[in-house]
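Participant: Got a structure here, written out as structure tokens. Questions coming.
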Protein chains: 2
Amino acid sequence: MRILILGGDGYLGWPTAMNLSASGHNVAVADNYLRRRLYREENVEPLWTVPNLHDRSAAWKNKSGQAIKVYIGDLREWEFVEEIIRKFEPQGIVHYAEQPSAPYSMLNRKAAMLTLSNNLTVTANLIFATREYCPDAHIVKLGTMGEYGTPNIDIEEGWIEVDHKGRRQKFLFPRQAGSLYHTTKIMDTDLLWFYTRIWNLRVTDLMQGPVYGIFTEESGNDCSLLPFFNYDEIFGTVLNRFVVQAVAGYPLTVYGRGGQTRGYLNLIDTLNCVRLSLETPAQKGELRIFNQFTETFSVNQLAERVQQAGRAMSLNVTIQHIDNPRLEAEEHHYNPAHTGLIDLGLEPHYLSEDVLIRMMQFVQKHKEKVSGDKIFKKVTWS
Amino acid sequence: MRILILGGDGYLGWPTAMNLSASGHNVAVADNYLRRRLYREENVEPLWTVPNLHDRSAAWKNKSGQAIKVYIGDLREWEFVEEIIRKFEPQGIVHYAEQPSAPYSMLNRKAAMLTLSNNLTVTANLIFATREYCPDAHIVKLGTMGEYGTPNIDIEEGWIEVDHKGRRQKFLFPRQAGSLYHTTKIMDTDLLWFYTRIWNLRVTDLMQGPVYGIFTEESGNDCSLLPFFNYDEIFGTVLNRFVVQAVAGYPLTVYGRGGQTRGYLNLIDTLNCVRLSLETPAQKGELRIFNQFTETFSVNQLAERVQQAGRAMSLNVTIQHIDNPRLEAEEHHYNPAHTGLIDLGLEPHYLSEDVLIRMMQFVQKHKEKVSGDKIFKKVTWS
């Protein structure tokens, strides 16, 4: 299948590209290096340097014999989107091309406007180009579990039947997010759902929880093929941050009481979810929604897991509860459904002590590069 | 109260400005004449020419002795928004500054992107400027009943309690709109609701049905004070279009079977709803939502009302069912709540034969300017 990955340079983008390429698909990636510009501007560079996309593509060709086509450009610009979609004629499109950080979106007005405008403009351009040049292509868009927030009822997989005054209607599960970033993802869903209905697009929306991990089958621990690894508060996801804090001797920064519960998954499972979705596409006119995570943890539970793995490595890992810079419930109901991807064939890679130890051992090699002032920059929501 | 009206040049904007000014408020209007540019570009000029805002403000000063301050500029530009909010220090802000036409938003890619970018950028700039310079100001934002679509359950006033598997949660009433324009209004609500929670804004969202009418108490039938009156398919609302079609001898263009039911209101009631909302503001941290209409009609019922009023004026009004260019249910459940504004003191001006006859008599004076090729331009949704 010809698969175009928008945002192919990111933490998920590049590993996805290799995984699909290794599975025999014809893969192209598009990116404008926005994420690299932002982490540089905010002085939160990842733990190791990653080559640019052309060099990564060459390294992958060298390792696998497979080519990954690289398009560099800004997907906010219609001419670029139009050009690559006309040229590549994708059958599947993975849409990762969004400003992906909640704290970044809350940093200041300019960061908020960049997030809003980037995420919506790219999604709209994708919709228009798909309709024009490849109306049968299957769009797999990365959503987020954060769109749902933490309601007091069970979270269903994208949709809910509401009984009200003796009548019944199926709706998109009501969304109420905790950051501007997450709110733009709600808007993306609104936009895709509208045009799916009107123009018979075929779309899968993957409501993903926070991802952790470094290695995939394709990368091994080859530095030229590894993804970015951010350990800072802005671009680092919580478990990755804790791993680095543990190794570098910083207390784990648990926000508030630490009862915040989310659904997590290993980077390897993200790739499998995306590939499984592509290989069994949504129908024309269907917005198919999966909740993409494999197990739920509270932040306290994650911190304890990391502490325990640290003990096995003779690291003295401490936990520090700090004032929560975010506005979020620190104790709440959380019972989201997540059977759709299992039904498609997903075999989860659960969080084990081995997984954590392998991450921590690798991070230890880069320990001297950890910079304390990047770990907690106190981006407040209020 | 110092009240700033964003989009003060529009069909609702200018009549609102005069109404608030007549009620003793200190009013300023801001606009970039976007709507005028669009109707010119699409060759759907309104039935009569209206003076620019400076001239209207002078005419109003002449009539009432009251000044209305005029700011001309583009609210998508932060510097302009910042400047006028810092200068005027509004206590109430009426947000009408959106591309308001569903058919326009479905015209082509450029029109869609203008709608998306204009409506979200202006709303976001307003939020940021309010937080920065007038955090206690009350934002009254024009929403639309079209955000709800036509679900198979009763539409509540903004919110719904959902019982699910033995638990309960209050949500924004689920929204699913029928055009890109309406979808951008859903996104606006998402955006305002997020920042209301985070930053304790005070916001009233008026979910308005289609408005009809020409005259208000302030305008009388003084041509220098009347609003735009569009009778075309793109910018004209349905009852206004029918009135013009009836007078000019065109069959009334009923889309499809004509069972589409919506909540309608007289322009005079729009002004009263907005003023009542401003004079009893929402609390800090509250997103207050009212469904703003006074009575529901199917399109067939509207056509029959106009036909009947025509008969009283010895006009032979015919009705033509044409292929529906929109994708919408032509028969559906529709029972939306609308008690909030009545509770605030609204005294509805219902649609009567007298109201229709007065509109038709006035339109008759401009009959020779009606251009047949503007009436139905067939902007299709698919």
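Participant: Along Cα-to-Cβ, 7 Å out, sits the label point; list in nm, shortest first, how far the one on B:S314 is from those in the other copies.
Facilitator: In ascending order, 10.8 nm.
Participant: Rounded to the nearest 0.05, what FRET efficiency do A:H333 and A:R131 give with R0 = 41 Å and r taken as the Cβ-Cβ distance? Could you check? Intermediate results must be reported in sequence, preceding the final value.
Facilitator: Values: r = 40 Å, r/R0 = 0.97.
It comes to 0.55.
Participant: Can you return the aspartates and glutamates within cross-link range of B:K63? Criterion is Cα-Cα under 17 Å, with same-chain partners fewer than 8 residues away left out.
Facilitator: Within the straight-line limit of under 17 Å, B:K63 reaches these aspartates and glutamates: B:D55, B:E217, B:E218, B:D222.
Participant: Related question: Summing Lys, Arg as +1 and Asp, Glu as -1, what charge do residues with Cβ under 15 Å from the Cβ of A:A129 carry, A:A129 excluded?
Facilitator: +1
Participant: If you don't mind, another one. Could you do me a favour and compute the accessible area per residue for segment B:36-116, 1.4 Å probe, result in Å²?
Facilitator: About 44 Å² of surface per residue is accessible.
Participant: Further question: Which semi-axes, in whole Å and largest first, does the equivalent ellipsoid of segment A:176-286 have when worked out from the alpha carbon gyration tensor as the square roots of 5 times its eigenvalues?
Facilitator: Values: eigenvalues 198, 85, 23 Å².
Here the semi-axes work out to 31, 21, 11 Å.
Participant: Right, another one. Straight-line reach from A:K367: which lysines have a Cα under 24 Å away, not including same-chain ones fewer than 8 places off?
Facilitator: A:K377, A:K378
Participant: A:V203: net charge of surrounding residues, Cβ under 11 Å, Lys/Arg +1, Asp/Glu -1, itself excluded? Intermediate results must be reported in sequence, preceding the final value.
Facilitator: On the way: positive: A:K141, A:R197, A:R202, A:K284, A:R288; negative: A:D188, A:D205, A:E286.
Result for the neighbourhood of A:V203: +2.
Participant: Here is a follow-up. If the label for A:E217 sits 7 angstrom from Cα along the Cα-to-Cβ line, what are its distances to the same label in every other copy, in nm to one decimal, shortest first?
Facilitator: 7.5
Participant: What pairs in A:K170/B:K141; B:K141/B:K284; A:K110/A:K374 have C-alpha atoms more than 23 Å from each other?
Facilitator: A:K170/B:K141
Participant: Considering only the label points, 7 Å along Cα→Cβ from Cα, what distances in nm to one decimal separate A:S371 from the same position in each other copy, shortest first?
Facilitator: Inter-copy label distances (nm, one decimal, shortest first): 6.1.
Participant: Where Lys and Arg each count +1 and Asp and Glu each count -1, what net charge lies around B:I375 among other residues with Cβ under 9 Å from its Cβ?
Facilitator: Once all neighbours under 9 Å are counted, the net charge is 0.
Participant: Kindly work out what percent of the DSSP beta bridges joining two residues of the protein assembly as shown are antiparallel, to the nearest 5.
Facilitator: If I count the DSSP bridges inside the protein assembly as shown, around 20 percent turn out antiparallel.
Participant: Once you treat every alpha carbon in chain A as an equal point and sum by Debye, what is log10 I(q)/I(0) at q = 0.09, 0.12 Å⁻¹?
Facilitator: -0.49, -0.90
Participant: Per residue of chain A, what 222 nm ellipticity follows from adding -39500 (n - 2.57) for every DSSP H run with n ≥ 4, rounded to the nearest 500?
Facilitator: Mean residue ellipticity, 222 nm, calculated: -12000 deg cm²/dmol.
Participant: OK, next. Quick one: 3J(HN,Hα) in Hz for segment A:84-101, Karplus 6.51/-1.76/1.60 with θ = phi - 60°, rounded, Gly and Pro as x.
Facilitator: Per residue, the Karplus-derived 3J(HN,Hα) values read 6, 6, 5, 5, 8, 6, x, 9, x, 10, 9, 9, 10, 7, 10, 5, x, 10 Hz.
Participant: What residues does segment B:174-213 have that are buried by at least 50 Å² of accessible area in the full protein assembly compared to the chain on its own, 1.4 angstrom probe?
Facilitator: Residues passing the criterion (a loss of at least 50 Å², heavy atoms only) are B:P174, B:Q176, B:M187, B:D190, B:F194, B:R197, B:I198.
Participant: Solvent-accessible area per residue for segment B:271-350 at a 1.4 Å probe radius, Å²? Mind dumping the intermediate values first?
Facilitator: Values: 3820 Å² over 80 residues.
On a per-residue basis, 48 Å².
Participant: More than 40 angstrom separation, counting every C-alpha pair in the protein assembly as shown; what % is that? The partial results should precede the final answer.
Facilitator: Details: 107855 of 291466 pairs.
Roughly 37 percent, rounded to a whole number.
Participant: Also, I was wondering about something else. Taking a ≥ b ≥ c as the square roots of the Cα gyration tensor eigenvalues, with a/c under 1.5 meaning rounded and otherwise prolate when a/b beats b/c, else oblate, which class fits segment B:1-152?
Facilitator: The shape class here is oblate.
Participant: Count the DSSP beta bridges whose two residues both fall in chain B, then state the antiparallel fraction as a percent rounded to the nearest 5. Please list the in-between numbers first.
Facilitator: Numbers: 10 of 47 bridges.
Here the share of antiparallel DSSP bridges comes out near 20 percent.
Participant: A further question on this structure: Taking a ≥ b ≥ c as the square roots of the eigenvalues of the Cα gyration tensor of segment B:305-365, is the shape rounded (a/c under 1.5), prolate (a/b larger than b/c) or oblate? Show your work: numbers first, answer last.
Facilitator: Details: a/c = 2.85, a/b = 1.17, b/c = 2.43.
Oblate, because a/c is 1.5 or more while a/b does not exceed b/c.
Participant: Another question, then. A:L252's amide H: which non-local residues (gap 5+, or another chain) put their own amide H closer than 5 Å, with H modeled 1.01 Å from N in plane and none for Pro or chain starts?
Facilitator: A:T318, A:I319, A:Q320
Participant: Check B:I289: other-chain or 5+ apart residues with amide H under 5 Å from its amide H, H built from backbone geometry?
Facilitator: B:D205
Participant: Here is a further query. With respect to the symmetry axis carrying chain B onto chain A, which residue of chain B exhibits the smallest Cβ distance to that axis, and what is the value in whole Å?
Facilitator: For chain B, the closest residue to the axis carrying it onto A is B:M187, 2.
Participant: Also, quick follow-up: Could you give the length gained by full extension between A:S64 and A:K87, i.e. 0.36 nm per residue of separation minus their alpha carbon distance, to one decimal place? Please list the in-between numbers first.
Facilitator: On the way: separation 23, 0.36 × 23 = 8.28 nm, distance 2.42 nm.
Working it through step by step, the gained length comes to 5.9 nm.
Participant: Another one. Could you name the lysines in cross-link range of A:K87, using Cα to Cα under 17 Å and dropping any fewer than eight places away on the same chain?
Facilitator: Result set, ordered by chain and number: A:K69.
Participant: Rank-order A:293-305, B:350-362, B:307-319 by packing density, defined as the average count of other C-beta atoms within 10 Å over each peptide's residues, highest first.
Facilitator: Packing order, densest peptide first, comes out as A:293-305, B:350-362, B:307-319.
Participant: Listed highest first by mean packing, meaning other Cβ atoms within 10 Å per residue, what order do B:195-205, B:335-345 come in?
Facilitator: Most protected by this proxy first, the peptides run B:195-205, B:335-345.
Participant: Could you list log10 I(q)/I(0) for segment B:255-382 at q = 0.15, 0.18, 0.22 Å⁻¹, which the Debye formula gives when each Cα is one point scatterer?
Facilitator: One equal scatterer on each Cα of segment B:255-382 leads to -0.95, -1.17, -1.31.
Participant: Counting only other chains, and only Cβ atoms inside 10 Å, what mean value do you get across the residues of B:116-129?
Facilitator: For this peptide, the per-residue mean of nearby foreign Cβ atoms is 3.
Participant: Another question, then. Taking the Cα centre of each part, how many Å lie between segment B:312-382 and segment A:319-364?
Facilitator: Value for the Cα centre distance between the two parts: 55 Å.
Participant: Running Debye on segment A:144-212 with equal point scatterers at the Cα sites and no solvent, what base-10 log of I(q)/I(0) appears at q = 0.13 Å⁻¹?
Facilitator: -0.42
Participant: Still on this structure, please answer the following. May I ask for the accessible area buried between chains B and A, both sides summed, probe 1.4 Å, to the nearest 100 Å²? Kindly include the intermediate steps, with their values, before the conclusion.
Facilitator: Values: alone 15670 and 15660 Å², together 26900 Å².
Protein heavy atoms only, the B-A interface buries about 4400 Å².
Participant: Here is a follow-up. Return the average number of partner chain Cβ atoms within 10 angstrom of each residue Cβ along peptide A:103-112.
Facilitator: Numbers: counts 0, 0, 0, 1, 0, 1, 9, 2, 0, 5.
Per residue, the number of nearby Cβ atoms from other chains is 2 on average.
Participant: Okay, moving on. Roughly how many Å is it from the Cα centre of segment B:15-94 to that of segment B:208-282, as a whole number?
Facilitator: Cα centroid of segment B:15-94 versus Cα centroid of segment B:208-282: 19 Å apart.
Participant: Relative contact order of chain B, please, whole-number percent, based on alpha carbon pairs below 8 angstrom and at least 6 residues apart.
Facilitator: The normalised contact order for chain B reaches 20 percent.
Participant: Hey, another quick one. Tell me, what ³J(HN,Hα) does each residue in segment B:106-123 have, in order and in whole Hz, if you take phi through Karplus 6.51 cos²θ - 1.76 cosθ + 1.60 with θ = phi - 60° and put x for Gly and Pro?
Facilitator: Residue by residue, segment B:106-123 yields 9, 5, 6, 4, 5, 5, 5, 5, 4, 4, 4, 6, 4, 5, 7, 5, 4, 4 Hz.
Participant: Could you work out what % of the accessible surface of segment B:246-358 is carbon and sulfur, using a 1.4 angstrom probe and leaving DNA, RNA and ligands out of the count?
Facilitator: The computed percentage sits at 44.
The values are calculated or read from the model by the stated rules, or taken from the named source; none is laboratory data. Treat the numbers as computed from the prediction; the structure is a model and nothing was measured. For neighbour counting, all protein chains shown are included, and Cβ atoms are generated from backbone atoms with ideal geometry for every residue, glycine included. Side chains included, ligands, DNA and RNA excluded: accessible areas come from the protein's heavy atoms. Shrake-Rupley method; radii C 1.70, N 1.55, O 1.52, S 1.80 Å.
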